[in-house]
Amino acid sequence: MTETGPYWETRDRFLDLRSHWFRLIGEHLLNDQGQLLEYWRVERAHSVIVLPIQGNQIILMAPDFRPGVGQPTYDFPGGRLPDDQTPAQAAPVILGRELGIEPTAIAQLTPINSEAWLVNSSFSNQKLYGFVAHLQPSVQIPADRQGPTFAIDPEGMHSLLAILNCLQCRALALEWWLNHPSSSRTAPA
C-alpha cells in the first residue's frame with residue numbers, strides 16, 4: 001500500500017486514464033478515520049499566466065472562445081508549462097503566441113508569486129506561475145490580438161476585475177496590485 005499523506009493510504013487505483021492534456025485517476029483511499037473513500041483527481045500540466053504592462057496600462061488579450069464556458073472571455077496571456085521549459089522561459093513564448101510579439105519586446109519579466117500556487121489542490125496537482133511582463137514602449141501589439149487596456153490605478157483595476165472571468169487571472173492581478181508600489185496596498189472595491 002502506498003501512503004498518500006501522514007494518515008491516508010491508497011488501497012487501489014481503479015482508473016488511470018492518460019491523454020495529451022491530462023491524466024484522470026480514480027482511487028480508493030483509507031482516511032485517518034478508517035473510512036474507505038472513492039477519490040478522483042486530475043494531473044495536469046502546470047500553467048503560466050502573464051500580465052502584460054506597457055507604460056501605465058495593463059493589457060488584456062482580445063476575447064477568445066473558451067469551450068469550458070461556451071463563450072469568449074477576456075483573459076491574460078497564458079498556457080501550459082512544457083516539461084522542457086522553466087516558467088520564466090515559457091512566459092515569452094506565451095506572449096508571442098497570444099499577443100504576436102517577439103521576446104525582445106519584453107523590457108522586464110518579473111514573477112508575481114515567488115512560489116507556484118496550487119490550483120484546486122483537493123482535485124488536481126496543477127500549479128500556477130504568474131509573471132508581469134513590462135513591454136518596451138515602442139512595441140505594437142497587432143490589433144486583432146489586443147483587447148482592452150486599463151490604467152494602473154484603483155479605477156483601472158476595478159474596471160479590469162469587472163470583466164475578468166478567469167479566477168486565476170483575477171488572483172494574479174490582485175496579488176500583483178497588492179504588492180505594486182503605487183497601489184496604496186488596498187484591493188479595489
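Residues in region 36-53 that are in contact with a Leu (Cβ under 9 Å, 6 or more places away or on another chain) and open to solvent by 40 Å² or more (accessible area, probe 1.4 Å): how many? Of the residues in region 36-53, 8 are in contact with a Leu (Cβ under 9 Å, 6 or more places away or on another chain) and open to solvent by 40 Å² or more (accessible area, probe 1.4 Å). So for region 169-181 (the condition being in contact (Cβ under 8 Å) with a residue 12 or more places away in the chain and in contact with a Pro (Cβ under 6 Å, 6 or more places away or on another chain)), does at least one residue qualify? Looking through region 169-181, none of the residues is in contact (Cβ under 8 Å) with a residue 12 or more places away in the chain and in contact with a Pro (Cβ under 6 Å, 6 or more places away or on another chain).
Could you pull out every one of the strands (runs of 3 or more DSSP E) wholly within region 1-95 that has 2 or more residues that are under 21 Å from residue 105 (Cα atoms) and either at pLDDT below 90 or not hydrophobic (A, V, I, L, M, F, W, C) (or both)? Steps first, please.
Numbers: elements: 9-18, 22-30, 36-44, 47-54, 57-61, 64-66, 71-73, 78-80.
Result: 47-54, 78-80.
For the subset of region 106-126 comprising residues that are modelled with pLDDT of 95 or more and in a strand (DSSP E or B), which member is most open to solvent (accessible area, probe 1.4 Å)? Going through the qualifying residues, I end up with 108.
Picking from residues in region 135-174 that are charged (D, E, K, R) and within 21 Å of residue 99 (Cβ to Cβ), the one that is surrounded by the most Cβ atoms within 10 Å (Cβ to Cβ) is 145.
Report yes if residue 94 is open to solvent by 50 Å² or more (accessible area, probe 1.4 Å), at negative phi, in contact (Cβ under 8 Å) with a residue 40 or more places away in the chain and touching a strand residue (DSSP E or B) at 6+ places or on another chain (Cβ under 8 Å), otherwise no. Let's see the steps before the verdict.
Values: open to solvent by 50 Å² or more (accessible area, probe 1.4 Å): no; at negative phi: yes; in contact (Cβ under 8 Å) with a residue 40 or more places away in the chain: yes; touching a strand residue (DSSP E or B) at 6+ places or on another chain (Cβ under 8 Å): yes.
Against the criterion (open to solvent by 50 Å² or more (accessible area, probe 1.4 Å), at negative phi, in contact (Cβ under 8 Å) with a residue 40 or more places away in the chain and touching a strand residue (DSSP E or B) at 6+ places or on another chain (Cβ under 8 Å)), residue 94 does not qualify.
The values are calculated or read from the model by the stated rules, or taken from the named source; none is laboratory data. The model shown is predicted, which means the values in this text are computed figures rather than measured ones. Quick reminder, even Gly has a Cβ in these numbers, built from the backbone with ideal geometry, and neighbours come from all protein chains shown. These accessible areas exclude ligands, DNA and RNA; they are computed on the full protein's heavy atoms, side chains included. Shrake-Rupley method; radii C 1.70, N 1.55, O 1.52, S 1.80 Å.
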